[in-house]
Amino acid sequence: MSESESKGQRFVALCMLGMLLFNYPILALFNVSGTLFGVPVLYAYIFIAWAALIASMAFIAESGGRQ
Amino acid sequence: MLHETAIVLTAFVYLGVLFAIAYYADERADAGRSVIASPYIYSLSLAVYATAWTFYGSVGRAASDGVGFLPIYIGPTLMIALWWVVLRKILRISKQNRITSLADFIASRYGKSALLGGLVTVIAVIGILPYISLQLKAVSNSFTILVQYPEIVMPAKIGVLATRQDTALWVALILAAFTIAFGTRHLDAAEHHQGMVAAIAFESLVKLLAFLAVGVFVTFGIYDGFGDLFGRAAAVPKLRAMLTPLEGVAGGYANWAWLTILSMMAIMFLPRQFQVAVIENVDEKHLNKAIWLFPLYMLAINVFVLPIAFGGLLRFPDGSVDADTFVLTLPMAEKRELLALLVFIGGLSAATGMVIVETIALSTMVCNDLIMPVLLRLRRLRLNERRDLTGLLLGIRRGAIVLILLLGYLYYKLAGEAYALVSIGLISFAAVAQFAPAILGGIFWKGGTRAGALSGLLAGFAVWLYTLFLPALARSGWLPLGLLEHGPFGIELLKPLQLLGLAGLDQISHAMIWSMIANVGAYFAVSLSASPSAEEHRQASLFVDVFRHEAGGARFWRGTASVPDLYSLLARFLGTATADSAFGEYASAKGLGWPDERLVADAELVHYVEVQLAGAIGAASARVMVAAVAKEEALSIDEVREILDEASQVVVYSHKLEQKSRELEAATAELRGANERLTELDRLKDDFVSTVTHELRTPLTSIRAITEILLDDPDVEVEQRKKFLGIITKEAERLSRLINQVLDLAKIESGKADWVETRVDMKEVISDTLAAMDQLFREKNIQVEARLPEKVSTVTVDLDRMTQVMLNLLSNAVKFCDSANGRVEIALAEREGFLSVDVRDNGRGISPEDHETIFNKFHQVGDTLTDKPHGSGLGLHISRQIVEHFGGRMWVESSLGGGARFSFTLPTGAAT
């Protein structure tokens with residue numbers, strides 16, 4: 001498998017993970033009252049998950065594919 | 001202090017700076033030192049996605065439904081994760097085919113269809129109008145609010161203004177002038193606008209900094225951090241419900257999902273995103289950084305949206321201030337004039353960035369895919385005969401820019417007031433999402449046809465017009481509201497907002513469901529119902545298999561053309577300078593100069609010219625123009641198929657070739673090994689021959705010398721004569737023994753020896769050999785001790801050969817054992833399926849380095865020059881060959897001065 005192919009597959013998997021994280025029912029788990037560091041749980045969850053997703057994208061994009 | 005003149009002046013200074021940046025970047029590009037050839041500039045230019053909608057509208061949306069604004073940015077993040085697969089392919093296709101716009105891409109994919117290109121252009125222009133009107137509204141509103149400072153008054157309350165004060169119109173006109181100056185200064189065959197990209201990247205920085213400044217000011221200046229702000233919001237009952245906003249809203253999660261999908265399409269297929277991401281891309285590798293930098297930008301610009309929204313709701317609890325303006329009105333309410341001015345500039349940069357890129361992209365589409373194809377077909381205009389068309393092309397584009405901005409202004413006047421910013425923008429998103437099936441289907445599925453794409457686009461666009469565009473006009477009072485409430489002619493099932501009775505969704509989700517069903521359904525159904533033409537088939541293959549055949553489309557062309565015709569065609573559209581450099585480049589790649597009569601107008605040159613031309617006037621028009629000067633023979637679908645098959649066969653052949661060459665390499669390596677072995681054997685043979693000759697010469701020399709003495713001197717004494725004859729006999733025996741052994745060895749080594757295998761009792765062999773040698777032992781006064789067990793298993797061997805081995809070992813032992821006090825021991829033992837025989841002497845021993853070599857041919861222990869040889873040097877070699885033939889092993893254990901013990905084993909089971 002070439003490097004670009006394996007990179008592509010990692011990205012596709014990441015996109016699927018993202019769709020899971022930002023949709024019902026995972027989203028509903030955090031749709032509760034209460035706060036995290038003073039920020040409502042849902043808001044905190046979305047921004048943290050989003051940042052993690054971007055970090056993973058950076059890792060895949062910059063690291064190259066599986067050898 | 002914030003006087004109207006000061007605000008206007010600041011705005012113009014900002015625009016002046018933008019222009020200076022663009023001018024500088026263009027100059028640098030002309031000098032060949034591009035400033036935009038950087039992944040960071042590329043990422044920042046992608047952030048043209050964040051417009052006034054993001055800058056002002058997100059806060060407005062957040063103030064009404066909390067996190068509801070976020071799918072617009074999370075969707076693109078998810079889509080960008082797929083860019084490595086999708087956008088990379090689109091980039092490669094566009095580079096190879098010199099795609100100039102979204103419409104060009106779709107038209108080119110479906111057989112360079114001018115009709116399809118035109119339809120895409122119409123959809124894009126109409127679909128984007130609400131989006132442009134949104135920018136005009138945002139800029140004019142922010143200006144109108146800012147000039148009221150220190151009062152905070154909403155524009156709607158100010159009432160009708162005179163034309164001179166109609167800010168939106170002025171904004172539209174100024175932006176039109178500005179865009180013309182930016183985007184259509186000259187005609188570039190590759191449609192690269194380096195100056196524009198540099199300016200857009202700068203604008204992205206400005207709007208981000210301005211927004212972050214307000215965010216930090218509200219969160220940490222007015223309030224005491226996030227916790228304090230959200231804590232106070234939670235104390236207000238009305239706001240508490242917004243902290244978990246997805247609960248209880250009808251279709252909450254479904255709307256969220258649809259907005260995500262919609263934004264995923266928008267980030268790919270908005271004309272301006274396609275422009276910056278694909279057309280303006282200078283290096284595919286920039287994707288690596290952009291894939292995470294651009295999402296990071298979106299995250300950063302959204303962090304403070306919710307704090308500003310809640311800050312605004314807390315500051316203006318009575319609802320007198322439109323939430324879309326919180327970003328501006330909060331600093332104003334806190335009397336931060338400079339911050340308010342910075343916000344205005346940030347909003348201006350967000351809006352101008354969008355308008356500039358969008359109108360340039362749309363004007364290229366209008367020119368290349370809508371107007372030029374029509375003009376070129378009108379024979380009356382005789383455009384084919386005009387010498388220089390570059391002026392005409394630029395004129396059309398400039399006109400298109402003004403027209404598009406005026407249409408945007410018109411939409412703003414007609415429908416802009418009834419909706420919030422985000423709702424206006426989403427209507428445009430839904431329009432460009434209609435391109436998704438034709439493009440995504442087109443690059444991954446060869447079966448999509450021109451008719452399928454046309455049907456899909458028409459069906460999807462019709463549903464969009466009916467469910468989104470029409471209601472927008474109705475709500476603004478331009479159509480009767482009854483249309484929305486009771487359906488056309490009172491038919492309830494056809495209500496635009498609840499088509500076929502589908503209720504419970506928001507307007508956008510509702511429209512997306514129906515338009516996508518219509519679009520995707522028609523695309524696939526029509527594509528599958530008829531077979532594609534030759535041209536469609538060929539383009540489909542070029543697009544879908546772009547990573548497989550890099551060669552491009554030259555091999556699909558057959559016909560006749562002339563170089564001067566092609567040159568003048570290119571010169572007419574691009575100007576002589578560009579045409580000269582294009583031909584020069586082509587000629588130098590062929591190793592020729594330009595002009596050069598040897599240049600041939602073959603398929604490759606025709607294709608090259610067509611691609612160059614496509615960069616200026618679009619694929620469909622370029623095809624028509626080239627067809628006009630080159631007499632092309634039409635290829636039938638079968639011929640196209642054949643060429644494609646050939647191409648795939650070539651791929652198969654090359655794979656086979658690779659495999660063959662790998663096999664050849666392996667065979668070569670084997671041959672080399674065999675050759676090395678042969679050379680070694682050859683050397684051994686030479687050694688053998690010279691050694692044998694040497695061994696034969698020694699006895700022969702002595703025989704000859706003695707016979708000569710006897711011959712010359714007949715008076716030799718009898719005693720002496722007897723001694724001489726004894727030597728002759730002994731040497732002759734040695735000769736014949738040597739010759740016998742050599743023959744024996746030759747037989748064994750060539751595998752021609754006759755082996756007579758019988759069950760043999762080794763105890764008997766040893767006893768017989770000892771008996772035969774008894775006389776010799778006595779003569780030499782050697783003590784012999786044999787330790788033989790009572791009974792041993794038999795072995796399957798050749799009796800005579802085994803006797804030969806024993807004789808050899810024993811005679812060796814006799815030869816080398818101590819001359820005064822000779823002693824030889826023989827031991828036979830049986831263990832674990834083997835018989836072992838040891839023959840031990842008490843001679844001078846053998847040094848360890850000779851333990852292996854003594855088994856070599858003609859090896860004799862000791863210095864051959866000084867010592868008298870004790871044998872032929874073949875005995876041990878032959879013995880070992882015999883033992884090994886019967887599956888056994890032979891070795892020696894010894895040290896100098898400690899005697900030697902020769903051992904061999906033989907398997908007792910069924911031998912070979």
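Of the residues making up region A:20-67, those that are more than 7 Å from chain B (Cβ to nearest Cβ), surrounded by 13 or more Cβ atoms within 10 Å (Cβ to Cβ) and outside any helix (DSSP H, G or I) are A:F30, A:L36, A:G65. State whether one or more residues within region B:421-442 are outside any helix (DSSP H, G or I), in contact with a Lys or Arg (Cβ under 8 Å, 6 or more places away or on another chain) and surrounded by fewer than 24 Cβ atoms within 10 Å (Cβ to Cβ). The answer is no, given that none of the residues of region B:421-442 is outside any helix (DSSP H, G or I), in contact with a Lys or Arg (Cβ under 8 Å, 6 or more places away or on another chain) and surrounded by fewer than 24 Cβ atoms within 10 Å (Cβ to Cβ).
Scanning region B:30-39 for residues that are of a type outside the set (D, E, K, R) and away from chain A (no Cβ under 14 Å), which turns out surrounded by the most Cβ atoms within 10 Å (Cβ to Cβ)? Filtering first and then ranking leaves B:I36. Consider region B:46-70 and keep the residues that are β-branched (V, I, T) and more than 24 Å from B:P271 (Cβ to Cβ). The one that is farthest from the other protein chains (Cβ to nearest Cβ) is B:V59. Put simply, of B:L115, B:L91 the only residue that is modelled with pLDDT of 90 or more and under 16 Å from B:A277 (Cα atoms) is B:L91. Of the residues examined, B:K289 is one that is basic (K, R), within 11 Å of chain A (Cβ to nearest Cβ) and in contact with a helix residue (DSSP H, G or I) (Cβ under 7 Å, 6 or more places away or on another chain). The residue that is farthest from B:G875 (Cα to Cα), counting only those in region B:650-694 that are among the hydrophobic types (A, V, I, L, M, F, W, C) and either in contact with a Ser or Thr (Cβ under 6 Å, 6 or more places away or on another chain) or modelled with pLDDT of 85 or more (or both), is B:L664.
Any residue at all in region B:675-684 that's outside any helix (DSSP H, G or I) and in the same structural domain as B:L735 (by TED's automatic domain parsing)? No, there is no match, as no residue in region B:675-684 is outside any helix (DSSP H, G or I) and in the same structural domain as B:L735 (by TED's automatic domain parsing).
Of the residues making up region A:9-19, those that are in contact (Cβ under 8 Å) with a residue 24 or more places away in the chain and either in contact with a helix residue (DSSP H, G or I) (Cβ under 7 Å, 6 or more places away or on another chain) or within 7 Å of chain B (Cβ to nearest Cβ) (or both) are A:R10, A:F11, A:L14, A:G18. Between B:V861, B:V892, the distinction of being of a type outside the set (S, T, N, Q), in the same structural domain as B:T796 (by TED's automatic domain parsing) and modelled with pLDDT under 80 belongs to B:V861 only. There is no residue in region B:723-743 that is in a loop (DSSP other than H, G, I, E, B), in contact with a helix residue (DSSP H, G or I) (Cβ under 9 Å, 6 or more places away or on another chain) and touching a residue at least 24 places away in the same chain (Cβ under 8 Å). Among the conditions (1) hydrophobic (A, V, I, L, M, F, W, C); (2) touching a residue at least 60 places away in the same chain (Cβ under 8 Å); (3) within 14 Å of another protein chain (Cβ to nearest Cβ), B:L389 misses just one, which is (3). Residues of region B:300-312 include at least one that is assigned to a loop (DSSP other than H, G, I, E, B) and touching a residue at least 40 places away in the same chain (Cβ under 8 Å). From the list B:F294, B:F274, B:F344, B:F326, the one residue that fits, being within 11 Å of chain A (Cβ to nearest Cβ), in contact (Cβ under 8 Å) with a residue 24 or more places away in the chain and either surrounded by 24 or more Cβ atoms within 10 Å (Cβ to Cβ) or acidic (D, E) (or both), is B:F294.
Is there a residue being of a type in the set (F, W, Y), part of a helix (DSSP H, G or I), crowded, with 16+ Cβ neighbours inside 10 Å and under 40 Å from the mean Cα position of the chain (by Cα) anywhere in region B:467-479? No, there is no match, as no residue in region B:467-479 is of a type in the set (F, W, Y), part of a helix (DSSP H, G or I), crowded, with 16+ Cβ neighbours inside 10 Å and under 40 Å from the mean Cα position of the chain (by Cα). Is it the case that B:F855 is farther than 20 Å from B:L770 by Cβ, of a type in the set (F, W, Y) and at pLDDT 80 or above? The answer is yes for B:F855. Taken together, B:V422, B:V463 contain a single residue that is under 30 Å from B:L175 (Cα atoms) and not charged (D, E, K, R), which is B:V422.
The values are calculated or read from the model by the stated rules, or taken from the named source; none is laboratory data. Please read these numbers as outputs of a predicted model, since none were measured by experiment. Please note: Cβ atoms are built from the backbone with ideal geometry, for glycine as well, and neighbour counts cover all protein chains shown.
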